[in-house]
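The values are calculated or read from the model by the stated rules, or taken from the named source; none is laboratory data. Note that the structure is a prediction, hence the values are computed from the model and not measured. Positions of Cβ are backbone-derived with ideal geometry, glycine not excepted, and every protein chain shown enters the neighbour counts.
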Amino acid sequence: MKKISILDIARMKEERRKIVMITAYDVLFAKIFDEVGVDILLVGDSLGQVVLGLPNTLGVTMEDMERHTGAVARGRKRAYLVADMPFLSFQAGPADAIRNAGKLLQAGAEAVKLEGGRNVEATIRAITQCDIPVMGHVGLTPQSIHRMGGYRVQGKSDAQRERLLDDALAVQEGGAFAVVLEGMPADLASGITERLAIPTIGIGAGPGCDGQVLVMQDLLGLFDEFRPKFVKRFGELKKPVQDAVRAYAEEIREGKFPGKEHSF
Ligand code: KIV
């Protein structure tokens, strides 16, 4: 299969072909997803919760993102690779943002993603002017958890809807090649998708976006504790994993494993 480039992503919107994006954090899953033919792998800062056990994404560092971006880059051959800019890696000023975006490219990413709308337009412009492609992220932006008062659907009032449309336009005006629309009413996301020339990738934003993204642990059914409405579990992998480990433990305890065939 041919390597996916930023040009292919733009073409997919023009040709109304849906873009498939999934998060990945390590070499093994990157390889598995790449072999299936997903279009974009995202090393999300959701890494904080689903890999590092942090309460939110605010504690994720550049070092974490570089390390995991490198791992995913080594596992994929075909998919386009986007890495999240973690909290405080781009907010302090354009020079900082450019340097940190560059580090993610050096780790193996082909583009970076950062959260925000009109407030980060100049930052997006500064990064893209250095030939580093940027994916925007507007709506429910997890790094703004304390401003939003929790992970809440955004864009419910008319004023908020206008602000989110303006945020998406700002991201495009800054030079982003695509934008994630997270946690907003489906009709608003559809309207934004029609207004923008760049592709939109939805998560909890309805079917009208140009593509969709989910966190891998959610869609594979590895998480039980928290089941957001927008997540569809395409597998139930927690149980088979536990069954296999239970069988392993039982055989050790009964002296059945390792058998002759596993011994030297
Ligand atoms: O961090 C992440 O995984 C994300 C996606 C959920 C869009 O930003």
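Quick look at the numbers
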read-out	value
Residue identified as buried (at least 22 other Cβ atoms within 10 Å of the Cβ), under 14 Å from the mean Cα position of the chain (by Cα) and within 29 Å of residue 193 (Cα to Cα) among 79, 97	79
Test: residue in the range 86-101 that is assigned to a helix (DSSP H, G or I) and in contact (Cβ under 8 Å) with a residue 40 or more places away in the chain	no
Residue that is in contact with an Asp or Glu (Cβ under 6 Å, 6 or more places away or on another chain), at pLDDT 95 or above and farther than 27 Å from residue 206 by Cβ, where the choices are 67, 74, 78, 99	78
Subset of the range 14-70 that is within 19 Å of residue 177 (Cβ to Cβ) and part of a helix (DSSP H, G or I) - its residue that is farthest from the ligand (Cβ to nearest atom)	14
Candidate set from the range 165-198 (those that are crowded, with 24+ Cβ neighbours inside 10 Å and under 19 Å from residue 43 (Cβ atoms)); member that is nearest to the ligand (Cβ to nearest atom)	180
Which numbered condition residue 166 fails, given (1) of a type in the set (Asp, Glu); (2) closer than 30 Å to residue 130 by Cβ; (3) outside the structural domain of residue 42 (by TED's automatic domain parsing)	(3)
